[in-house]
Amino acid sequence: MAEDQTEAVAASAKATTAAEPETAPAASQPTEAAQPATSQPPIEADTEAGPASIPVDDNSADNQTVDEGYAASTTGTNETTSMSSSVRDYQFENNRRYHKFHEGKYHFPNDEPEQAREDMRHCMMVHTCGGALHYAPLKNPQKVLDIGTGTGIWAIDMGDEYPEAEVVGIDLSPIQPSWVPANVRFLVDDAEQPWVTEPETYDYIHIRNMASAVKNWDSLMTQALTALKPGGWIEIQDLNWLLRCDDDTMGPDYSLTQMTKYMGQALSNFGIKLHSPDDNPERLTEAGFVDIRHKIDKVPVGTWPRDPNMKTIGLYNRSTMYDGLHGIAMGPLTRGLKWTPEEVEVFLVSVRKDLLDSRVHSYVHMHTLCGQKPL
Ligand SMILES: C[S@@+](CC[C@H](N)C(=O)[O-])C[C@H]1O[C@@H](n2cnc3c(N)ncnc32)[C@H](O)[C@@H]1O
């Protein structure tokens, strides 16, 4: 719609790089910020059957231990002082800091504790993928776009891995560091606005941990398809927060199940479907992508698995949850379900208790999905 277009142009004009002054050269100018800036598929067999069950460590005695060892994020916002105030400002609510640009769009904080959680989750997901930063079969990518880049940790790693590529990360929040590889840059922009990117710009578009953010996946995929070069790849990676268990250790009153139910209801009141990873393979096909590849990994909650690698993943997962519970729950439950902050705090007491209970062998699915733009 014309009105939307106007707003998009205005949004684009406001968008700028996280570390560049408003008078930055044309290459870093806002218009570029608004250029976010991805045969019938063999869906992998394990998609249908699901991964194998995880052997349990019967001797797990650390059910009161939470990993405190991960350093807080070193990202800061001091470098953003020259940006326009609408982009630079923050909004504060219930002792948490939220983005100001397109205020109220994303319901989770962007403060230091949340950034630490994001960075730890990055480690967990890359570890779960055996150290790989991508699943798509990339060959010498030249232009890479990371949508909802967060602290920029993936984009920075990607820039290191592909020094010949230009990696652009976009986000609503200017929380990315300024000391980054020369081939990496960050822009503030809203990926759900109409893109003005030149068609066929990117070799690879990466979207991770956006299930609790994106309202219109169809539109996002269609815009990504246009922005990708023929043969380019899109990749979407998300945890699906549906608590699962292969034995009878997870009861019906498991508070994490309750929490994800409430979170799903809260986000759906904003038009966001928490369990979108289930639908995204079909959406990619409908958008026009081919050679869809879909991998599902089990991610344990806690240190209950016997296998040391799964135990590490479970520890990462539990720690990101435990440390981040306040930030995860406060925005959605107060904004979306109109709970008071005190009600949220009381509810989280039982969630914390259940999170530390290694007798419950719960896990979630991590979906890694990619598809190619037809040649
Ligand atoms: C859960 S974090 C994921 C960060 C990063 N992708 C990662 O996996 O480490 C989601 C990020 O998406 C950003 N975001 C949410 N909606 C967005 C939008 N419409 N456009 C751009 N960024 C958005 C948020 O500001 C937040 O930093």
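Brief remarks follow.
- Backbone HN-Hα couplings from phi across segment 131-142 [Karplus 6.51/-1.76/1.60, Hz, Gly and Pro as x]: x, 7, 8, 8, 9, 4, x, 7, 10, 6, x, 9
- Over segment 136-273, the ratio between the Cα radius of gyration and 2.2 N^0.38 Å evaluates to 1.22.
- Modelled label reach - Gln258, point 7 Å along Cα→Cβ, segment 350-370 residues with backbone N closer than 17 Å: 350-357, 360
- Where labels lie 7 Å past Cα in the beta-carbon direction, separation of Lys105 and Asp307 in nm: 3.9 nm
- Inter-part distance where segment 242-271 and segment 157-175 are each reduced to a Cα centre, Å: 33 Å
- One decimal place: the segment Ala182-Asp278 gains 30.9 nm when fully extended, by the rule 0.36 nm per residue minus the C-alpha distance.
- Neighbourhood net charge (14 Å Cβ-Cβ; Lys/Arg +1, Asp/Glu -1) for Gln265: +4
- Distribution of pairwise C-alpha distances over segment 290-375, 5 Å bins, in %: 3, 13, 17, 16, 14, 13, 11, 7, 4, 2, 0
- Sorting Asp146, Asp354, Asp278 from the fewest to the most surrounding beta carbons within 10 angstrom yields Asp278, Asp354, Asp146.
- Separation between Cα centres of segment 94-109 and segment 296-325, rounded to whole Å: 28 Å
- Cα-based reach from Lys295 at 29 Å (exclusive), listing lysines while leaving out same-chain residues under 8 positions away: Lys139, Lys143, Lys215, Lys229, Lys261, Lys273, Lys311, Lys373
- Only Lys, Arg (+1) and Asp, Glu (-1) charged, at Cβ; segment 88-148 dipole about Cα centre in debye: 260 debye
- Full extension of the chain between Arg352 and Gln265 gives 29.3 nm of extra length, using 0.36 nm per residue less the Cα-Cα distance.
Each value in this text was obtained by applying a stated rule to the coordinates, not by laboratory testing. In this text the structure is predicted, and so the values were computed from the model without any measurement. Positions of Cβ are generated from backbone atoms using ideal geometry, with glycine treated the same way; all protein chains shown enter the neighbour counts.
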